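S.K.: Just dropping this structure here.
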Amino acid sequence: MKQHTKTSIITAVFLICGLMAALFAQGGSASAIKKARDHITLFQYDQAMALLRQATQTEPDNWEAFYLAGTVLLRQKRPVEAESFLIKAHQLNSNETDIQKALGALYINLAKDAQNAGRPNELNENLHKACRAYPAGTKIWQTLLENWWKNGEFEKIKQEGDLIIKGNS
């Protein structure tokens, strides 16, 4: 009987320790995000990124940490790195409009670069990514659909009809 009681007590202690560790980790992540926001406000992007990387590792399900990291990288003119963080944030919370807009804006900028470089296929690919990231962006859809129409790519227009209606209803 005493052995069973000792085992129960040891199990309970481990469970309590595990719960406390999880709570501290969650609080640490929230604290890191709050501190990172303060650094962002002060344009201290390197300090903010260090905290946000820590937060994404501590709590990999926290969309806000990935979103903020993506926006910081955009401000630092590092779109390739920003894209991966924003995609992860979008995967974690696809309904968050700020994530949709940030990811859409990133693809719009890449589309503009492609247009300026005379790469129409890359332009349309990035416009399509922007539309998928931010389905409510009617002007983006309009530009993409006009480009597809001019190129006779009617099947693409047809395939995206449901998303356009859903995103703009």
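The values are calculated or read from the model by the stated rules, or taken from the named source; none is laboratory data. Model, not experiment: these values are computed from the prediction. With ideal geometry, Cβ positions are generated from the backbone for all residues, glycine too; neighbour counts draw on all protein chains shown. When the accessible area is computed, the model is the full protein with side chains, heavy atoms only, and any ligands, DNA or RNA have been set aside. Shrake-Rupley method; radii C 1.70, N 1.55, O 1.52, S 1.80 Å.
S.K.: Between Asp38 and Asp113, what is the FRET efficiency for a Förster distance of 25 Å, r being their Cβ-Cβ separation, to the nearest 0.05?
M.R.: 0.20
S.K.: Would you mind checking the pairs Lys101/Lys166; Lys88/Lys129; Lys101/Lys129; Lys88/Lys112; Lys35/Lys101 and listing those with alpha carbons more than 18 angstrom apart?
M.R.: Lys88/Lys112; Lys35/Lys101
S.K.: Here's a follow-up. Calculate, for the range 30-99, the solvent-accessible area per residue in square angstrom, rolling a 1.4 angstrom probe over the heavy atoms of the protein chains.
M.R.: Roughly 56 Å² per residue, with all protein chains present.
S.K.: Rank Val80, Val72 by accessible area, highest first, at a 1.4 Å probe radius?
M.R.: If we order Val80, Val72 from most to least accessible, we get Val80, Val72.
S.K.: Just grab the label-to-label distance for Asn168 and Glu125, each label 7 Å out from Cα along the Cβ direction, in nm (one decimal).
M.R.: Between Asn168 and Glu125, the simple spin-label model gives 2.5 nm.
S.K.: If you don't mind, there's one more thing I want to ask. Express the carbon and sulfur contribution to the solvent-accessible surface of the range 37-88 as a percent, rounded to the nearest whole number, probe 1.4 angstrom.
M.R.: Solvent-exposed carbon and sulfur of the range 37-88 make up 53 percent of the total.
S.K.: For Gln47 and Gln76 in one chain, what is 0.36 nm times their gap in residues minus the Cα-Cα distance, to one decimal in nm?
M.R.: 9.2 nm
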